[in-house]
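Report on the following structure.
The values are calculated or read from the model by the stated rules, or taken from the named source; none is laboratory data. Predicted, not measured: the structure shown is a model, and the values here were computed from it. Every residue, glycine as well, gets a Cβ built from its backbone with ideal geometry; the counts of neighbours run over all protein chains shown.
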Amino acid sequence: MGRNAKISIINNTDYDWILDESKKKLTHGKFNQSPTKKIPKGTIGVLKVGNRTGAKIGPKGSIVYKMQNEDNTPVKISWNHPFSAATSSYTCVSDPIGVVNSTVDVTGGHDQKVDILVVQKVEAV
């Protein structure tokens, strides 16, 4: 009985995103499919994570994309899909906070499908 997640990142911003390879972090588990290296605006990037064979610890980690804007704003995607009955969590946060907004939709139990829709924050006029 494994813990797997397919994470789809829907880039609905005005900028392409480039994976920062130096910021890929796996606390537990493995990549079953490496993260998409470039997510052009208006497209979807995918990664798949899972626990290691025989391990009773689910996948946990993060990756960082840099928005190809004037600041190369980093956007961090994090996941924790524990082996216990604890609730899984998936987040998407920019630095500084608030450059993007995201919604996360999770379906499934042990094998989860995660859609993260990311949009730019719209400034009030």
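Brief remarks follow.
- Residue list for region 9-68, filter: surrounded by 14 or more Cβ atoms within 10 Å (Cβ to Cβ), of a type in the set (S, T, N, Q) and over 15 Å from VAL119 (Cβ atoms): ASN32, THR36, ASN51, SER62, GLN68
- Matching entry among GLN112, GLN120 (being within 29 Å of THR53 (Cβ to Cβ) and either surrounded by 15 or more Cβ atoms within 10 Å (Cβ to Cβ) or not β-branched (Val, Ile, Thr) (or both)): GLN112
- Within region 68-98, the set of residues being touching a strand residue (DSSP E or B) at 6+ places or on another chain (Cβ under 7 Å) and β-branched (Val, Ile, Thr) comprises THR73, VAL75, ILE77, THR91, VAL93.
- Failed criterion for GLY61 (all others in (1) over 13 Å from the mean Cα position of the chain (by Cα); (2) not in a loop (DSSP other than H, G, I, E, B) hold): (1)
- Residue tally, condition within 15 Å of ASN4 (Cβ to Cβ) and not acidic (Asp, Glu), over region 83-125: 11
- Scanning region 67-91 for residues that are over 13 Å from the mean Cα position of the chain (by Cα) and assigned to a strand (DSSP E or B) turns up just one, MET67.
- Selection within region 113-125 - under 20 Å from LYS60 (Cβ atoms) and modelled with pLDDT under 95: none
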